[in-house]
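Chemist: The structure is given below, and queries will be raised subsequently.
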Amino acid sequence: MGSRIRKARVTKVEGKLPTPSLMQRTQRRRSELIVAELEAIALALFEKRGFAAVTIEEIAAEAQISTRTFYRYFPTKEDVLQVRIRRRGEALRAALAKRPSEEQPLHSLRIAVQDVVSDEDPVLLKTWSAVIDATPDVFRAVLGGSIMATNKTIAEFFASRLGEPPDSVVPEMLASGAAGMIGCAHRLWHTRGGNLTTILSQGLRVLEEGMGTDLREKDKRAVRSFSRRK
């Protein structure tokens with residue numbers, strides 16, 4: 001007993017997290033599958049009848065679960081529309097972390113976004129976009145949440161690559177530009193069709209080539225210029 005306590009203390013001191021058990025991993029995977037299934041069912045109903053007209057009871061009935069089970073995964077109906085934002089944010093953060101440190105930041109971002117979006121279900125994404133566009137009451141909240149989440153992830157990545165604080169000017173400005181380009185690509189894809197991954201890659205390539213390749217040197221010049229103006 002004493003040895004187990006000492007071992008736990010050592011693990012805590014070293015900052016190591018315990019490896020999830022097989023049961024924990026299985027439960028997590030099961031939860032992810034249920035969330036994905038509920039999202040797909042809800043989005044199909046929203047697209048067919050309109051977001052406001054669909055009730056939680058109807059979503060639960062279509063999924064053949066109780067409303068209590070629905071609330072276990074989604075506190076509100078609006079939270080169904082947030083799943084895709086959270087999932088993409090987590091995937092983008094992981095994809096950016098895998099990019100080589102010597103790679104130019106804007107190039108890393110373009111490749112990471114390509115990888116993340118290419119793994120998404122284009123049909124579900126199209127349905128999600130249609131539901132958002134057709135629901136003015138939730139459009140601003142969902143879109144605003146998406147922009148904020150994307151900006152934060154990209155700004156933190158740029159800051160780490162450029163050796164700047166996460167809230168410094170240059171990473172924030174670059175992130176805003178990149179997020180704006182991503183948003184524009186989504187709007188073009190939704191209205192004109194085509195391949196979203198290709199459109200995103202083309203848009204981010206414009207940003208990458210327009211900024212030039214030596215982003216780190218540009219960052220140093222921008223910081224010096226900003227400091228002189230202050």
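Bear in mind these aren't lab numbers, they're just calculated from the coordinates by the rules spelled out. Quantities reported herein were computed from a predicted structural model and do not represent experimental measurements. For neighbour counting, all protein chains shown are included, and Cβ atoms are generated from backbone atoms with ideal geometry for every residue, glycine included.
Chemist: When only Cα pairs under 8 Å and 6 or more residues apart are kept, what is the percent relative contact order across the range 80-229?
Modeler: 28 percent
Chemist: Based on the mean of other beta carbon atoms within 10 Å per residue, what is the order of 29-42, 144-157, most packed first?
Modeler: 144-157, 29-42
Chemist: Could you please report the charge total around Val35, scoring K, R as +1 and D, E as -1 over all other residues with beta-carbon less than 12 angstrom from its beta-carbon?
Modeler: Net local charge, Val35 excluded: +3.
Chemist: Can you order the peptides 58-66, 80-88 by their average number of other Cβ atoms within 10 Å per residue, highest first?
Modeler: Output ranking for 58-66, 80-88: 80-88, 58-66.
Chemist: Relative contact order for the range 19-75: what is it in percent, counting Cα pairs under 8 Å that are at least 6 residues apart?
Modeler: 24 percent
Chemist: Once you list every other residue whose beta carbon is under 14 Å from the beta carbon of His186, what net charge do they have if Lys and Arg are +1 and Asp and Glu are -1?
Modeler: +3
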